[in-house]
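Chemist: Have a look at the structure that comes next, please.
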């Protein structure tokens with residue numbers, strides 16, 4: 001008695017392929033980190049063709065997100081923020097970040113706590129570096145992108161984890177009004 | 001055979017009084033938080049006169065610092081930063097913070113991790129709120145002071161805990177040049 005339905009093509013189902021890729025990715029990201037693990041090596045470990053990483057996940061970033069079981073898609077969110085360039089990026093980033101995570105603050109808090117207690121290759125750190133920082137660095141320098149990530153982490157820590165008032169219960173509009181220009185200053189100030 | 005040396009006045013030694021105050025403060029800060037625990041109630045629990053809190057620690061802030069066994073004095077540092085007013089405060093704060101904690105990054109990392117895993121009345125959170133935020137709020141609004149704290153926490157997390165490059169190994173001068181104006185933007189931007 002085979003589980004395969006009649007008429008299904010030979011080989012694995014798409015769901016099976018996805019699951020094998022996610023499992024192999026989770027292992028390789030944990031062992032070697034997101035940057036060092038290639039789509040090719042993950043596909044090899046999963047026993048599937050490397051082109052299926054793009055086909056199923058749109059690339060290694062999407063595969064990273066798939067390993068994390070997040071309530072939102074950070075790749076889509078940051079892509080939307082940087083798509084409009086540097087003008088107003090600070091306000092867009094702060095607003096998008098808060099509107100995305102405010103409804104999932106406990107989930108974000110758990111991610112951040114795990115990342116703080118064992119940062120090496122922690123999924124949240126890999127997302128911060130491999131998705132957020134990497135996308136921001138397409139519109140500003142890597143130095144500045146990393147400091148924007150620092151600002152976002154600080155805001156999230158104060159609002160979701162440590163809950164420092166009035167940051168914890170301020171309105172999104174109020175936070176965007178004050179923190180948006182501060183993020184913008186990192187992106188576009190003269191600096192050095 | 002008494003431990004008291006001849007000629008010593010009756011009653012407890014200054015070291016004994018300090019130790020009793022620190023112990024009582026540690027218990028009350030942990031149980032009720034820094035804001036709720038008064039110098040008077042701590043002195044009562046320690047069985048000493050309330051005036052001795054000021055005499056030995058310069059106030060409740062100093063007592064909080066004394067409970068933590070820190071390598072530096074955060075009250076002295078933040079007092080120096082705000083003493084010169086809001087002009088250039090962002091750069092002064094970032095430089096002072098980094099020059100203070102760079103030599104003690106592991107100690108800071110440990111403080112921050114503890115605060116993240118159990119934030120209620122964590123000593124580092126009480127210092128952030130009761131000393132850093134409180135002193136900043138004397139030169140800007142509480143809303144802005146809290147967001148400056150968020151920025152500092154983010155910078156420390158990226159540099160000391162999660163170690164996101166290039167923030168982790170950037171020079172203090174480079175960080176002051178880009179992050180200083182961002183902190184300044186929170187303190188003095190138009191906002192709302």
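Chemist: Given the structure, is residue A:184 crowded, with 18+ Cβ neighbours inside 10 Å and free of Cβ contacts under 8 Å to residues at least 40 places away in the same chain?
Modeler: Spelling it out, it is not the case that residue A:184 is crowded, with 18+ Cβ neighbours inside 10 Å and free of Cβ contacts under 8 Å to residues at least 40 places away in the same chain.
Chemist: I'm checking my understanding of the structure. Among residues of region B:134-151 that are more than 7 Å from every other protein chain (Cβ to nearest Cβ) and in a helix (DSSP H, G or I), which one is nearest to residue B:87 (Cα to Cα)? It would help to see each step written out before you state the result.
Modeler: So in region B:134-151, the residues more than 7 Å from every other protein chain (Cβ to nearest Cβ) come out as B:134-141, B:145, B:148.
Retained after the next criterion (residues that are in a helix (DSSP H, G or I)): B:134-136, B:145, B:148.
Numbers: B:134: 18, B:135: 15, B:136: 13, B:145: 15, B:148: 15 Å.
Among residues in region B:134-151 that are more than 7 Å from every other protein chain (Cβ to nearest Cβ) and in a helix (DSSP H, G or I), the one nearest to residue B:87 (Cα to Cα) is B:136.
Results for (1) part of a loop (DSSP other than H, G, I, E, B); (2) modelled with pLDDT under 90; (3) more than 21 Å from the chain's Cα centre (by Cα), shown as yes or no for each residue.
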site: B:10; (1), (2), (3): yes, yes, yes
site: B:15; (1), (2), (3): no, yes, yes
site: B:21; (1), (2), (3): no, no, no
site: B:25; (1), (2), (3): no, no, no
site: B:31; (1), (2), (3): no, yes, no
site: B:42; (1), (2), (3): no, no, no
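Residue-wise test of (1) assigned to a helix (DSSP H, G or I); (2) over 22 Å from residue B:164 (Cα atoms).
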{"position": "A:91", "(1), (2)": "yes, yes"}
{"position": "A:98", "(1), (2)": "yes, no"}
{"position": "A:107", "(1), (2)": "yes, no"}
{"position": "A:114", "(1), (2)": "yes, no"}
{"position": "A:119", "(1), (2)": "no, no"}
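Chemist: Quick one: what pairs do we get from region B:55-69, first residue at positive phi, second in a helix (DSSP H, G or I), C-beta under 9 Å, 6+ apart or different chains?
Modeler: What qualifies is B:58/B:75; B:59/B:39; B:59/B:53; B:59/B:75.
Chemist: State which residue is nearest to the chain's Cα centre (by Cα) when the search covers only region B:45-69 and only residues that are surrounded by 20 or more Cβ atoms within 10 Å (Cβ to Cβ) and assigned to a loop (DSSP other than H, G, I, E, B).
Modeler: Among those residues, the one meeting the criterion is B:67.
Chemist: Please pick out the residue among A:106, A:102, A:174, A:120 that is more than 7 Å from chain B (Cβ to nearest Cβ) and at pLDDT 95 or above.
Modeler: Sole residue among the options that is more than 7 Å from chain B (Cβ to nearest Cβ) and at pLDDT 95 or above: A:102.
The values are calculated or read from the model by the stated rules, or taken from the named source; none is laboratory data. Keep in mind the model is a prediction, meaning the values are calculated, not measured. Reconstructed Cβ throughout: ideal geometry from the backbone, glycine too, with neighbour counts over all protein chains shown.
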